[in-house]
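The values are calculated or read from the model by the stated rules, or taken from the named source; none is laboratory data. Values in this document were obtained by computation on a predicted structure and should not be read as measured data. Counting neighbours? That spans all protein chains shown, and the Cβs are built from the backbone with ideal geometry, glycine included.
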Amino acid sequence: MNIGHLADIHLGHRQYGLNQREDDMTSTFKATLQLIMQDDPDAILLPGDLFHSRVLRPKVLEAAQKGLSVVPDDVLEIDRLPDLVRPVVNQEEYISHQTTISQYESDS
């Protein structure tokens with residue numbers, strides 16, 4: 001069994017208060033997933049800290065969605081999802097909602 005693993009992604013983190021560092025982390029996340037997918041994994045484990053903050057900005061959620069879009073649904077496992085500050089949705093609800101939208105759009 002071929003398993004990919006990445007953790008402590010911290011999407012949305014503006015290290016040193018710099019927007020460029022946030023963009024760097026997003027780019028690294030996407031590039032890492034693409035490298036993992038080249039090995040045709042049976043599973044990818046993402047055990048925690050996908051996001052840096054519990055309050056998620058739309059830009060950060062979009063970066064997660066775009067990054068994870070290269071991974072088939074049956075390959076990814078996200079664990080330890082924190083309860084986020086409301087009214088912002090938690091990670092699982094957001095990803096589930098986006099998957100539903102993607103499936104709906106592809107059926108039409």
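Inside segment 16-47, can you point out the residues that are modelled with pLDDT under 90, outside any helix (DSSP H, G or I) and surrounded by 13 or more Cβ atoms within 10 Å (Cβ to Cβ)? Answer for segment 16-47, where residues must be modelled with pLDDT under 90, outside any helix (DSSP H, G or I) and surrounded by 13 or more Cβ atoms within 10 Å (Cβ to Cβ): A43, I44, L45, L46, P47. So is Q91 within 22 Å of H13 (Cα to Cα), under 13 Å from the mean Cα position of the chain (by Cα) and modelled with pLDDT of 75 or more or not? In short, no. Quick one: in segment 48-63, of everything that is part of a loop (DSSP other than H, G, I, E, B) and at pLDDT 85 or above, which residue is farthest from the chain's Cα centre (by Cα)? Per the criteria, the residue is H52.
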